[in-house]
Amino acid sequence: MVEKAGSVPVFATRKSQPGFKKIAMKAVVSGGGHPHRMGLSETFLLFGNHRAFMDRDELLAKIESLQKGAMLEKLIAIETDSLEDTIAFAERGVRLFQLEKFPPKDLEHVVRTLKTRYPDIRLLATGGITLENIEAYAKTGIDGIITTAPYYYAKSADIRVQIEKVPV
């Protein structure tokens, strides 16, 4: 996946099988990838289902307030699935987004639009990215790619042990 993504960094999520996290992260780093949010305190990430608990305007005002106070030292990241949503949060100063499940063709338009309006914005593609489609995502202008594919879709390696008698 790292090779196919070229210069676009590939991040693997923490969503590995129980007891597998340490090995999984070592494998990701060994393969040229990067861990994505090893802990919950690295960024303040707001997912779409979190937003269901607050009115949109109230949430936008709260995020603006947090960025000027309690979250001044932390990045606020928002997962969005529409250009309209992303723009609403970007207008309030959010500059890190996880763009969820956009097809590559749509994502290219979204990235171009957002980067034109907000040159300092950072955009990560996430949701459904696999070895088969990562090249298309990497060509959209995205800043990074987040995936769980190495944990759930990678084919297992065929490892063989061969023991030979060595002459002494």
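Each reported figure results from applying straightforward, stated rules to the coordinates on display, with no laboratory input. These figures come from a predicted structure and were not determined experimentally. Positions of Cβ are backbone-derived with ideal geometry, glycine not excepted, and every protein chain shown enters the neighbour counts.
Between Leu131 and Phe53, the contour length at 0.36 nm per residue exceeds the alpha carbon distance by 24.6 nm.
Legend: distances between Cα atoms for Lys4/Lys101; Lys15/Lys74; Lys4/Lys105; Lys68/Lys105; Lys26/Lys105; Lys15/Lys101; pairs beyond 25 Å are Lys68/Lys105; Lys26/Lys105. In the chain, helical runs assigned H by DSSP with n ≥ 4 each contribute -39500 (n - 2.57); averaged across all residues and rounded to the nearest 500, the mean residue ellipticity at 222 nm is -9500 deg cm²/dmol. Distance between the pseudo-spin-label points of Lys4 and Thr43 (7 Å out from Cα toward the beta carbon): 2.3 nm. Calculated FRET efficiency, Lys15 to Lys165, Cβ-Cβ distance, R0 = 41 Å: about 0.35 to the nearest 0.05.
Our estimate of slack between His34 and Asp158, defined as 0.36 nm per intervening residue step minus the Cα-Cα distance, is 42.2 nm.
With q set to 0.28 Å⁻¹, the log10 of I(q)/I(0) for the range 115-168, from the Debye formula over equal scatterers at the Cα positions, is -1.11.
Just so you know, the averaged projected area of the alpha carbon convex hull for the chain sits at 13.4 nm². Could you please report the charge total around Glu58, scoring K, R as +1 and D, E as -1 over all other residues with beta-carbon less than 14 angstrom from its beta-carbon? Spelling it out: positives minus negatives among the neighbours equals +1. Give me, ordered by chain and number, the residues 5 or more places off Gly48 or on other chains with an amide H under 5 Å from its own placed amide H. Under 5 Å from the amide H of Gly48 lie the amide H atoms of Glu79, each far enough along the sequence or on another chain. For GluC sites (Glu not before Pro), the sites in the range 24-96 that DSSP calls loop and that have at most 13 other Cβ atoms within 10 Å are Glu42, Glu73.
Computed over Cα pairs, the Kirkwood radius of the range 1-90 leads via Stokes-Einstein (0.692 mPa s, 37 °C) to a diffusion coefficient of 213 µm² per second. Under a no-solvent Debye model with one identical scatterer per Cα of the range 38-131, what's log10 I(q)/I(0) at q = 0.10, 0.13, 0.15, 0.26 Å⁻¹? Reported log10 I(q)/I(0), two decimals: -0.26, -0.43, -0.58, -1.52.
Ile129 sits among other residues whose Cβ lies under 15 Å from its own Cβ, and their net charge, with Lys and Arg +1 and Asp and Glu -1, is -4. Where the centroid of each part is defined by its Cα atoms, how far is the range 82-155 from the range 46-62 in Å? Taking the Cα centre of the range 46-62 as reference, the centre of the range 82-155 is 20 Å away. Of the residues Thr113, Ala157, Thr43, the one whose Cα sits farthest towards the positive end of the charge dipole of the range 41-168 is Ala157 (charges of +1 on Lys and Arg Cβ, -1 on Asp and Glu Cβ, taken about the Cα centre).
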